[in-house]
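Notes follow the structure.
The values are calculated or read from the model by the stated rules, or taken from the named source; none is laboratory data. Since the structure is predicted, the reported quantities are computational estimates derived from the model, not experimental observations. Cβ placement follows ideal geometry from the backbone for every residue including glycine, while neighbour counts extend to all protein chains displayed.
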Amino acid sequence: MPIRILIADDHGVLRAGLRALLDAEPGLQVVGEAVDGEEALRLAKDMRPDVVLLDISMPGSGGIEVTRQLRALLPEARVLILTIHEDETLLREALRVGAAGYITKRAIEPELIHAIFAVWRGDLYIHPALTRALLKDISPTDPAEDRADETLTSRESEVLRLLASGYTNRQAANALGISVRTVESHRANIMDKLGLRGRVELVRYAMERGFLE
């Protein structure tokens, strides 16, 4: 079955372009369009999409509040924020309320399609430009601080850094010259050692600990 997508954006021309792009992609199907947050919530309840492509600056309820309500209404649906705002504060807030991805409207078409498939699989997707913007003001952690990541091996630290930067397991394996199974094993060890649950927590941890540059 195709991935069912609800588009929520107040710009009609953009919605039409997104629908044409996504409906032409094998494995994707646009099941509805919303012009504001209230309509997005209503249509999501009726249509039960797999992915909600959500503009963060629509009229009415803001995208952050809509994301929060969507996660409560349809926990199985994945919210992918699509926005003009390259703002680390908005990104942090979107992740905090449960967004599965954050991509800017200047992204090229293959990036958007990749992001949709990524969040549908259960991965977290952050546009690379936003990752850099988010991390530019993060200071290194005080070396004297008791850090759980000191238990990680050097290879596990490399895997953590790549996965938190948006790499898939296969991309990380290719970058490090190891097998996908080995990456999966390292990832499991990282999650266990650090007490993390899921990719969102892994990314947050990497951000807070200065693993990303």
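Output the number of residues of the range 176-213 satisfying the condition of being in contact with a Pro (Cβ under 7 Å, 6 or more places away or on another chain) and crowded, with 17+ Cβ neighbours inside 10 Å.
Here is the first cut: in the range 176-213, the ones in contact with a Pro (Cβ under 7 Å, 6 or more places away or on another chain) are 210.
Imposing the further condition that a residue be crowded, with 17+ Cβ neighbours inside 10 Å reduces the set to none.
Selection size over the range 176-213: 0.
I need the full set of residues from the range 65-88 which are of a type outside the set (A, V, I, L, M, F, W, C) and out of contact with any strand residue (DSSP E or B) (no Cβ under 9 Å at 6 or more places or on another chain), in order please.
E65, R68, Q69, P75, E76, D87, E88
List, please: which pairs have Cβ atoms under 8 Å, are six or more places apart or on different chains, and start with a residue in the range 1-20 that is β-branched (V, I, T) and end with one that is surrounded by fewer than 13 Cβ atoms within 10 Å (Cβ to Cβ)?
Within 8 Å, the pairs are I3/G27.
Being closer than 19 Å to A100 by Cα and at pLDDT 90 or above is true for just one of V66, V31, V35. Which residue is that?
Exactly one residue qualifies, and that residue is V66.
Answer with yes or no whether L80 is under 25 Å from V200 (Cβ atoms), touching a residue at least 12 places away in the same chain (Cβ under 8 Å), out of contact with any Pro (no Cβ under 7 Å at 6 or more places or on another chain) and not in a helix (DSSP H, G or I).
yes
What's the total number of residues in the range 26-64 that are farther than 24 Å from T89 by Cβ, of a type in the set (D, E) and part of a strand (DSSP E or B)?
1
When the residues of the range 83-99 are narrowed to those that are of a type outside the set (D, E, K, R) and assigned to a helix (DSSP H, G or I), which ends up modelled with the lowest pLDDT?
That would be T89.
P2 is checked against (1) over 18 Å from the mean Cα position of the chain (by Cα); (2) farther than 19 Å from F117 by Cα and fails just one. What number does that condition carry?
Failing condition for P2: (2).
Does the range 35-44 contain at least one residue that is over 18 Å from V203 (Cβ atoms), surrounded by fewer than 17 Cβ atoms within 10 Å (Cβ to Cβ) and among the basic types (K, R)?
There is at least one residue in the range 35-44 that is over 18 Å from V203 (Cβ atoms), surrounded by fewer than 17 Cβ atoms within 10 Å (Cβ to Cβ) and among the basic types (K, R).
Kindly check whether there is at least one residue in the range 129-147 that is among the acidic types (D, E), more than 21 Å from V31 (Cβ to Cβ) and modelled with pLDDT of 85 or more.
No, every residue in the range 129-147 fails to be among the acidic types (D, E), more than 21 Å from V31 (Cβ to Cβ) and modelled with pLDDT of 85 or more.
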